[in-house]
There are 2 protein chains.
Amino acid sequence: MPKNAAKVGKIPSIRRLPQYLRVLRGLEGAGQEVASSSMLSTSLGLEQIVVKKDIEITGITGKTGVGYMVAELIDGIEDYLGWNNSSDAFLVGAGSMGKALLGYDGFRRHGLQIVAAFDNDEGKVGGEYKGVPVLPMSKLKSLASRLHVHIAILTVPGDSAQEVASQLADCGISGIWNFAPTTIQVPESVSVLNEDLSASLAELSVRIQSNM
Amino acid sequence: MPKNAAKVGKIPSIRRLPQYLRVLRGLEGAGQEVASSSMLSTSLGLEQIVVKKDIEITGITGKTGVGYMVAELIDGIEDYLGWNNSSDAFLVGAGSMGKALLGYDGFRRHGLQIVAAFDNDEGKVGGEYKGVPVLPMSKLKSLASRLHVHIAILTVPGDSAQEVASQLADCGISGIWNFAPTTIQVPESVSVLNEDLSASLAELSVRIQSNM
DNA sequence: TATTATACGTGAAAAAATTCACAAAAAAAG
DNA sequence: CTTTTTTTGTGAATTTTTTCACGTATAATA
């Protein structure tokens, strides 16, 4: 019925998968070999059926009456997300948000390795932060093609976001994680994910107002 | 039909409202008095019908054949979000992410004023960052009740998030914006909004894989 | 061994969100 | 003044996501 045969999958489910991964890794470290949906659901504050349906999309099946094999489920989720083979990323904009993300060690665990940061502030260029070199914007294109980097984290101010995004698209980047509070226009071949803090603040504001 | 008469509203719509606000403020600054859904949709890369339906939830109506009054729409959205009367917030955890958020001046525009930061690192306590004083955790409870603060931004490491969240709930905080990569358990009276970076990374990863 | 509790898998129902389709109003154009 | 274009508002259809209900398999218990 729908035109797109290759469906993307359920986005809310995809967004919950990392939570399972986090719990499962803890279980694995504790030597637990099996995990049930009820157990995962209580430790994450979700409904059991949500866990089962989410796991279903990864293709991993458990054993009736027993549960899921922890190691197999971890592999399955990582596989589904493409997080088992680490991919390199650039970070553009070494301001405070950029630095915060450079300091976030969770990315490594998720198969994302920030290999270089870029900025056009001469005071920042040349140095390094958390082991990641800060390079001038002029080096972006040559490095992108040389290192085959195709993910970029965009943490520049809103008014330069569009220009940088265009540059990134031009460099062959295929995914932009946009932290700037601006809508960026890129060719269709580039996936953009907006990390919009004000959206979350809006949701929280309304939830507080309605006492839930 | 549904049990809850006071429905929260459509969450995706709520999360998009700040985008309209951003564009509308730009228009207002440029002296534009009227804005149509088609114009808003093209500048944000959304479908026109999405814009119309989103605006519908705020209760603001436009004029057929003309559009929406910019000033009225801004007011209406701010009103709906509760962003017209500024509310104070605490930030707990003055690490790199905490500092990045303290430096994010967008909050002010969204009616959120961070009045104090808390940390238990003695090296940080006593100083200030971006004009916000960094106080010891021990001061949290007394200040919360004295200043009637009811929103907290949680930027502590994952392993102390639950403990701090419990403290916050104990202080009468009614909304927690959780940046820690952990599920926190709080009483029902407290709204939690998880800002899960790994969820976004998961979504981006899958989208890149499926070439869209 | 029989019974009970646990737990997966899945088709179907329900709810939420998006998209369509079109009537009606206003402005612009001819 | 009439026609065309633009645009809101909304009920309905569609799609997506969540939730339910139940069959079946496994383990534990009596």
Query raised in the report: Do we have any residue at all in the range B:112-127 that's in contact (Cβ under 8 Å) with a residue 40 or more places away in the chain and not small (Gly, Ala, Ser)?
Result: no
Query raised in the report: How many residues, within the range B:28-44, are within 14 Å of another protein chain (Cβ to nearest Cβ), more than 10 Å from DNA strand D (Cβ to nearest atom) and surrounded by 13 or more Cβ atoms within 10 Å (Cβ to Cβ)?
Result: 2
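Using the structure shown, decide if A:Val134 is more than 30 Å from B:Val23 (Cβ to Cβ) and touching a strand residue (DSSP E or B) at 6+ places or on another chain (Cβ under 6 Å).
When the stated conditions are applied, A:Val134 passes them.
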Report task. May I ask you to list pairs of residues, at least six apart or on different chains, whose Cβ atoms are under 6 Å apart, with the first in the range B:30-41 being under 17 Å from B:Thr61 (Cβ atoms) and the second being within 6 Å of DNA strand D (Cβ to nearest atom) and in a helix (DSSP H, G or I)? Result -> B:Ser37/B:Lys52
Query raised in the report: Here are some residues: B:Gly98, B:Gly172, B:Gly76. Which one is on the phi > 0 side of the Ramachandran plot and either of a type outside the set (Ser, Thr, Tyr) or in contact with a His (Cβ under 6 Å, 6 or more places away or on another chain) (or both)?
Result: B:Gly172
Report task. Filter the range A:48-68 for residues that are among the aliphatic types (A, V, I, L, M) and within 6 Å of DNA strand D (Cβ to nearest atom) and give the result. Result -> A:Ile49, A:Val50, A:Val66
Query raised in the report: Name the residues in the range A:61-87 that are more than 7 Å from DNA strand C (Cβ to nearest atom) and either of a type in the set (Ser, Thr, Tyr) or part of a loop (DSSP other than H, G, I, E, B) (or both), would you?
Result: A:Tyr80, A:Gly82, A:Trp83, A:Asn84, A:Asn85, A:Ser86, A:Ser87
Report task. Mind telling me which of the residues A:Pro187, A:Pro157 ends up being more than 8 Å from chain B (Cβ to nearest Cβ), touching a residue at least 40 places away in the same chain (Cβ under 8 Å) and not hydrophobic (A, V, I, L, M, F, W, C)? Result -> A:Pro157
Requested in this report: Please determine, by comparing only the residues of the range B:88-118 that are of a type in the set (Gly, Ala, Ser) and either within 16 Å of DNA strand C (Cβ to nearest atom) or not in a helix (DSSP H, G or I) (or both), which one is nearest to the other protein chains (Cβ to nearest Cβ).
Outcome: B:Gly103
Report task. Examine the range A:75-92 for a residue that is at pLDDT below 95 and hydroxyl-bearing (Ser, Thr, Tyr), and state whether such a residue exists. Result -> yes
Query - So B:Val164, is it away from chain A (no Cβ under 11 Å), surrounded by 22 or more Cβ atoms within 10 Å (Cβ to Cβ) and within 26 Å of A:Leu21 (Cα to Cα) - result: yes
Report task. Filter the range B:45-60 down to residues that are surrounded by fewer than 17 Cβ atoms within 10 Å (Cβ to Cβ) and of a type outside the set (A, V, I, L, M, F, W, C) and give me whichever is farthest from DNA strand C (Cβ to nearest atom). Result -> B:Gly59
Query raised in the report: Would you call A:Leu154 under 19 Å from the mean Cα position of the chain (by Cα), over 19 Å from B:Ser96 (Cα atoms) and either modelled with pLDDT of 95 or more or among the basic types (Lys, Arg) (or both)?
Result: no
Requested in this report: For A:Leu27, state whether it is on the phi < 0 side of the Ramachandran plot, in a helix (DSSP H, G or I) and within 10 Å of DNA strand C (Cβ to nearest atom).
Outcome: no
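The values are calculated or read from the model by the stated rules, or taken from the named source; none is laboratory data. It should be emphasised that the depicted structure is a prediction, and the values quoted were computed from it without experimental measurement. In this analysis, Cβ positions are derived from the backbone assuming ideal geometry, glycine residues included, and neighbour counts consider all displayed protein chains.
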